[in-house]
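The values are calculated or read from the model by the stated rules, or taken from the named source; none is laboratory data. All values reported here derive from a predicted model rather than from experimental measurement. Every residue, glycine as well, gets a Cβ built from its backbone with ideal geometry; the counts of neighbours run over all protein chains shown. Each accessible area value is taken on the protein alone, full model and side chains, heavy atoms only, with ligands, DNA and RNA left out. Shrake-Rupley method; radii C 1.70, N 1.55, O 1.52, S 1.80 Å.
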Amino acid sequence: SFLDKEPQGALTQTTFPTSATDALLAVNATYGTMLDVSFHSGTFPILDIMSDDARKGSNPTDQSAEIGPYDNFTFTKTGNELKSWWATLYVGIKRANVVIEKVPAIDMDATLRDRYIAEAKFLRALWYFQVVLLWEKGSLVLEPVDAGYTPVQSTDAQIYAQIEKDLKEAADVLPETWDTANKGRATKGAAKALLAKVYMQQNKYDVAKTELQWLISKEGSLYGLVTNWVDNFTHLNENNSEGVFEIQFNDANKGGTGNNASMATGFQRTQFYAPGGIGWGDGKARQWLVDEYKKEKRVDGKNDIRLYHSILYEQYLEDFPDGDPMYYYIDTRTAWEPRGWRGSCFIRKYNTSYFRQREDYFAPNNYRVIRYADVLLNYAECIIKTGGAPEEAVQYVNKVRERVNLSKLEDSVFKDAMNSPEAFMKRLQMERTLELCFEGWRWADLKRWGLLDTQAGIDELKSRDADFNNFVIGKHKRLPIPQIEIDNSVGGLTQNPGY
């Protein structure tokens, strides 16, 4: 028993958090999980790579080799990336659980205490939403367990129910806004927008619509589309009216990739996605998306500016003659020679070439997890799915289109989309990817729309992404549980079908 002592000089679950200062540190540490490269440059991007609008880039055997199987659906239950994504999400869940269990007992300002707990519930819901999107089941841990914990499996329905509970309780407490010093913390609107996504993923469109209505009622006061579309992806106008929830990045700490006190606080995905010679080119866009943007001109006869700011491709200076030929320090007029970038479509969204010549792992751009354009398009979908007519839903799509100087949908080359709810919904699917490509939500969209459940849906995806030839219905719409987690659970977790 003389060995059974609290560690000296270290924080433990019995000694932390115990004060108001500790409470703030604990909730900040929960947000800190989002800075982990396995989350912001892992789970969100892999949901794009598995989808039809992006693919793995670089070389088959390079350091991003583990990403390739998620592009062509050859992933296995023993992949290192798979283990890392699962572990990072549960680290975030553990940190949220510490706040939710320990902070209520702290003698401190009651309003602030309740807000910290609500923030932790929002973040726990965000982590579990990723778990259920990727694996469709998992261990539902609601308290800060220790290393001796044996996981017990919960179904997607059980996890969704807890996510809904957390978000409803968070929305009841979180403020509509924070002061300048606390910008970026979860708000009531962020909780409601995420709750709407959770409802929509379960086809609960009626209650999702109600949550979204609250945000739309705040247009002009709390929320709205920014005039300059690209402001959503730079560090120059962050936490603006369109940013419903953003991961807060900066380049103040140029540390390592571990999730600890010396970790980097920058957005690392730009380094991974930038073209060879600048970055690693690990993720690339697909050519069909370039072609899709070019099917429609703006009202001034020019190409959709979202294409210019989303994708770097060989003909971009022909399509945008006023564009900058310099990309970071490289003159793109000569970069497309056969041994260079030819045949590639690089992901440009979130790039930092607008203010510097070199890329690195410390980009200061906030990552916009949810923005108001997403809310508007989700609301249009809810209208259609709850029996509304295209004429009612189109106004919300038009807000997004007209912001980038496209004509109203009913006056566009796609006006036939107004002929029926089914036609409108199909066009809305494309409107979403043109607005939101490479922002981490395409896989959730494909699942929600049922495109991963039928051969007709897979055939549609194959026409845009040949890697779906490897997709097995009933298997690949969910990832395998990491085998090490199965082994450690001693029968508590079972493997997903087909693995």
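Some observations on this one:
- Accessible area expressed per residue, the stretch 309-438, with surrounding protein chains retained (probe 1.4 Å, Å²): 39 Å²
- Residue pairs, from the table Lys197/Lys477; Lys77/Lys447; Lys209/Lys284; Lys121/Lys462, whose Cα atoms sit over 29 Å apart: Lys209/Lys284; Lys121/Lys462
- Taking 12 Å as the straight-line reach from the Cα of Lys192, the aspartates and glutamates in range (excluding those fewer than 8 positions away in the same chain) are Glu164, Asp166, Glu169, Asp172, Glu176, Glu211.
- Difference of contour (0.36 nm per residue) and Cα-Cα distance, Val152 to Ala466: 109.3 nm
- Between Thr210 and Leu317, the distance separating the two model label sites (each 7 Å from Cα on the Cα→Cβ line) works out to 5.6 nm.
- Think of the stretch 343-481 as having a plus end and a minus end, set by charges on the Cβ of Lys, Arg, Asp and Glu; of Ala466, Gly440, Asn366, Asn366 sits farthest toward the positive end of this dipole.
- Restraint check, Lys218/Lys415; Lys294/Lys415; Lys168/Lys218; Lys137/Lys426; Lys56/Lys254; Lys183/Lys204, Cα-Cα greater than 21 Å: Lys218/Lys415; Lys137/Lys426; Lys56/Lys254; Lys183/Lys204
- The convex hull drawn around the Cα atoms of the stretch 47-116, when projected onto a plane and averaged over every direction, covers 7.3 nm².
- Within the stretch 3-160: Cβ-based charge dipole about Cα centre, in debye rounded to nearest 20 (Lys, Arg +1; Asp, Glu -1): 120 debye
- Measuring between their Cα centroids, the stretch 357-380 and the stretch 186-202 lie 17 Å from each other.
- Across every direction, the projection of the convex hull enclosing the Cα atoms of the chain has a mean area of 24.3 nm².
- Compared with the dominant Cα axis of the chain, that is its longest principal axis, helix 372-385 is turned about 80°.
- Sequence-separation-based contact order of the chain, relative, with Cα cut under 8 Å and 6+ spacing, percent: 19 percent
- Residue-averaged [θ]222 nm for the chain, counting only DSSP H segments that reach four residues, each worth -39500 (n - 2.57): -12500 deg cm²/dmol
- Spin-label pair Thr78/Ala105, simplified geometry with 7 Å Cα→Cβ offset, distance in nm: 4.3 nm
- In the stretch 378-450, the portion of solvent-accessible area held by carbon and sulfur atoms comes to 46 percent [1.4 Å probe, whole percent, DNA, RNA and ligands not counted].
- Alpha carbon convex hull of the stretch 178-299, projected area averaged over orientations, nm²: 11.7 nm²
- FRET E, pair Asp4, Asn28, Förster distance 35 Å, beta-carbon r, rounded to 0.05: 0.70
- Tensor-based shape of the stretch 383-499 (alpha-carbon gyration tensor, a/c under 1.5 rounded, otherwise prolate or oblate): prolate
- Think of the chain as a dipole: +1 on every Lys or Arg Cβ, -1 on every Asp or Glu Cβ, centred on the Cα centre; then among Phe75, Ala20, Val490, Phe75 lies furthest on the positive end.
- Diffusion coefficient (Stokes-Einstein, Kirkwood radius over C-alpha pairs, 25 °C, 0.890 mPa s) for the stretch 337-444: 152 µm²/s, rounded to a whole number.
- Restricting the trypsin sites (Lys or Arg not before Pro) of the stretch 269-327 to loop positions (DSSP other than H, G, I, E, B) with no more than 13 neighbouring Cβ atoms within 10 Å leaves Lys294, Lys295.
- Intensity falloff of the stretch 254-333 expressed as log10 I(q)/I(0), Debye formula with alpha-carbon point scatterers, at q = 0.13, 0.23 Å⁻¹: -0.54, -1.13
- Label-to-label distance for Arg339 and Tyr354 is 3.5 nm, based on points extended 7 Å past Cα in the beta-carbon direction.
- Cα-derived Rg to Rh of the stretch 254-392, Kirkwood definition: 1.05
- Contour minus Cα-Cα distance for Glu392 and Tyr499 (0.36 nm per residue): 34.1 nm
- Across the stretch 73-200, Cα-Cα distances exceeding 20 Å account for 47% of all pairs.
- Tensor-based shape of the stretch 97-154 (alpha-carbon gyration tensor, a/c under 1.5 rounded, otherwise prolate or oblate): oblate
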